[in-house]
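The values are calculated or read from the model by the stated rules, or taken from the named source; none is laboratory data. Remember, predicted model here, so these are calculated numbers, not experimental data. So basically every Cβ, Gly included, is an ideal-geometry build from the backbone, and we count neighbours across all protein chains shown.
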Amino acid sequence: MEPIRYHSVRLDKEKCKGCTNCLRHCPTEAIRVRGGRAHILDTLCIDCGECIRICDYHAKIAITDVMDDVKKFKYAIALPAPTLYGQFRGLNNPEYVLEALKCIGFDDVFEVARGADVVTRAIRERLKEPRLPKPMISSACPTVVRLIQVRFPDLLDHVVDIRQPMEVAATIARDEFCRKHNCAPEDVGCFFITPCPAKMTAIRSPIGQDKSALDGAISMVELYGLLLPHVMRMLSDPNYVSPTGYGIGWATSSGEATAVCPENSLSVDGIDNVIRVLEEVENDKLSDLTFLEGNACIGGCVGGPLTFENNYVAKNTIRKMVDSMPKTHPDTDVPSSLMTKYPLKTNVPFKPNGAIKLDDNLAEAMRKMKHMNEILERLPGYDCGSCGSPTCRSFAEDIVRGYCTEMDCIHVLKHRLQHMAEEMVTLAQTTRE
Amino acid sequence: MEELIRKSYPVAQADYVSAGHASADIKRTLKQLGVGGDVLRRVAVASYEVELNLVIHSLGGELTLRVLPDQVELISADCGPGIPDISMAMREGFSTANDEARSLGFGAGMGLPNMKRNADTFDIQSTVGVGTTITMGFALPS
């Protein structure tokens, strides 16, 4: 069992009205409304950010680092996700964004797209190995990996055991910077420029790794305004090392699959769609596929909750940029020496989350399930959320877990009051005689 | 052996829209009980196959999940039309799926063999004009 200790997605208690909008939109049913405000269940939250999108009161927020955190380090390197390039309409050269990052206070930049190139080559080599479960599932979207840990634990052996592009990029970036400037690794802060809260969580509570190579993450939408005037100046660096178009393509849905396994892969975006496809993998209906890319956000990372630009516009900007780049593939572009120089494989197994189990003991779990089913039969089945649980089923589950009682259902309560009122009338009539 | 959990799901003939809902709920139930790994995978495959069989081949029926202390049981009972030759129906590649089912990608003739392969115990009883009952058992690790 591997519950997540840190979450980027949080509740702003002051702003929460206790409405039930977020309840039904949470893919892992991790939200409850109790005492007039929402609570996010730490054990089930996968930091997808769906609640951030849906909350009309902006009560769901994502905690990321700020520029002041960057200043705590002697040197700071920015690691922009390729999604950042999609934020600037008409941008045709990543260099302008990289130079802009240096203008706002970073000592150096290292594109995560270059990490994606290395990871592409590593996954392609991994997929050649015999006896792999089919399809192998991308580990790039941390929300999808957490979703599998919570809802599809039996599919964890399908998840590719290669580190995320941001991790590989940060390892290389820090090492190269320290050699060049002759400084200690701890003097260098590596900050991911993130489109989503899930990546922030993956840095604080890594999956597949004991420790993240990154020191923090800064939200893309926070930096957008700071970067824009500098991007317009269109500065470039004569020593620029470009990633491939494939690496940049990872910003959008199907970008990874196109780079890793164009012959036989499937790309799915949007968390509900990912869930549907994972059900099919579980039913062994997709074993003819070699590779499955799942992105929790619509359109891929360009649809992340911490982006500024409309995801379709961003996707178009990325597509045009990729089309204008040379068609070199990471297989030939990434030097072979790099493939052994840095750790690319995960060093901690992906573990089941375990939070959906009613009990660790099977007999006790069965007893609770039986009780839960009995309660469920007495509930109206409206899934109205008035009790504060997302569905009648999850409400019944909350009762057997001891978090609430049947009278928290207003329909059951109303029924009971009606019954009591009738009894009182009968009683009153009886005593009059 | 004492039955601890019992859940039944009605499955309608040719209802391709809801197809897969029963098996999805069965998987969810087992995961909540903490049944995982190999048993869950095999139940997932068999429950989906048997549910689709009800949709494609039967006149409608019911899928039942029973959880006993030592095993998971899936029972599919339909109200016809019944299978004239069971040994033929059990052959890989043999299918009587209609054009509608085939147009949706079904009818490979792997349904029954796949169920038998994934279950620890497999029993099929059928009477033409009455219906078919399939009972599958999956042993739980002690």
Checklist entry - Before we move on, is A:L223 out of contact with any Pro (no Cβ under 6 Å at 6 or more places or on another chain) and more than 24 Å from A:S138 (Cα to Cα)? => result yes
Checklist outcome for this item: All conditions in (1) assigned to a helix (DSSP H, G or I); (2) within 14 Å of another protein chain (Cβ to nearest Cβ) are true of B:L54 except (2)
Checklist entry - Looking at region A:304-326, which of the residues that are in contact with a Ser or Thr (Cβ under 8 Å, 6 or more places away or on another chain) and of a type in the set (K, R) is farthest from A:E222 (Cα to Cα)? => result A:R319
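Could you identify the single residue in A:I54, A:I40, A:I31 that is of a type in the set (A, V, I, L, M, F, W, C), loosely packed, with under 15 Cβ neighbours inside 10 Å and outside the structural domain of A:A198 (by TED's automatic domain parsing)?
Numbers: A:I40 fails: loosely packed, with under 15 Cβ neighbours inside 10 Å; A:I31 fails: loosely packed, with under 15 Cβ neighbours inside 10 Å.
Only one candidate qualifies: A:I54.
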Checklist outcome for this item: In region B:109-142, anything closer than 15 Å to B:L54 by Cα and in a loop (DSSP other than H, G, I, E, B) is listed as B:G109, B:M110, B:V130
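Here is a list: A:G300, A:G304, A:G294. Which entry is at positive phi and in contact with a Cys (Cβ under 9 Å, 6 or more places away or on another chain)? Talk me through it step by step, then tell me what you get.
On the way: A:G304 fails: at positive phi; A:G294 fails: at positive phi.
Checking each option against the conditions leaves just A:G300.
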Checklist entry - Mind checking which pairs have a first residue in region A:349-376 that is farther than 12 Å from B:G34 by Cβ and within 10 Å of chain B (Cβ to nearest Cβ) and a second that is outside any helix (DSSP H, G or I) and β-branched (V, I, T), Cβ under 7 Å, 6 or more apart or different chains? => result A:K370/B:I5
Checklist entry - Which of the residues belonging to region B:1-51 are under 16 Å from B:E73 (Cα atoms), touching a Ser or Thr at 6+ places or on another chain (Cβ under 8 Å) and not in a helix (DSSP H, G or I)? => result B:I5, B:R6, B:K7, B:S8, B:Y9
Checklist entry - Consider A:E279 against the criteria (1) more than 14 Å from chain B (Cβ to nearest Cβ); (2) within 30 Å of A:L155 (Cβ to Cβ); (3) out of contact with any strand residue (DSSP E or B) (no Cβ under 7 Å at 6 or more places or on another chain); (4) in a helix (DSSP H, G or I): it satisfies all of them except one. Which criterion is unmet? => result (1)
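Determine if region A:221-235 includes at least one residue that is of a type in the set (S, T, Y) and modelled with pLDDT of 95 or more.
As a first pass, look at region A:221-235 and keep what is of a type in the set (S, T, Y): A:224.
So of that shortlist, the ones also modelled with pLDDT of 95 or more come out as A:224.
Yes, region A:221-235 contains a residue that is of a type in the set (S, T, Y) and modelled with pLDDT of 95 or more.
Residues checked against (1) outside any loop (DSSP other than H, G, I, E, B); (2) under 19 Å from A:L91 (Cβ atoms); (3) touching a residue at least 60 places away in the same chain (Cβ under 8 Å); (4) in the same structural domain as A:P185 (by TED's automatic domain parsing):
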site: A:V221; (1), (2), (3), (4): yes, yes, yes, yes
site: A:L228; (1), (2), (3), (4): yes, yes, yes, yes
site: A:D272; (1), (2), (3), (4): yes, no, yes, yes
site: A:D284; (1), (2), (3), (4): no, no, no, yes
site: A:V302; (1), (2), (3), (4): yes, yes, yes, yes
site: A:L306; (1), (2), (3), (4): no, yes, yes, yes
Checklist entry - Which one is farthest from B:I83 (Cα to Cα), of the residues in region B:17-31 that are surrounded by fewer than 18 Cβ atoms within 10 Å (Cβ to Cβ) and within 13 Å of another protein chain (Cβ to nearest Cβ)? => result B:R28
Checklist outcome for this item: Residue hits (region A:192-230; among the charged types (D, E, K, R) and closer than 17 Å to A:A113 by Cα) are A:K199
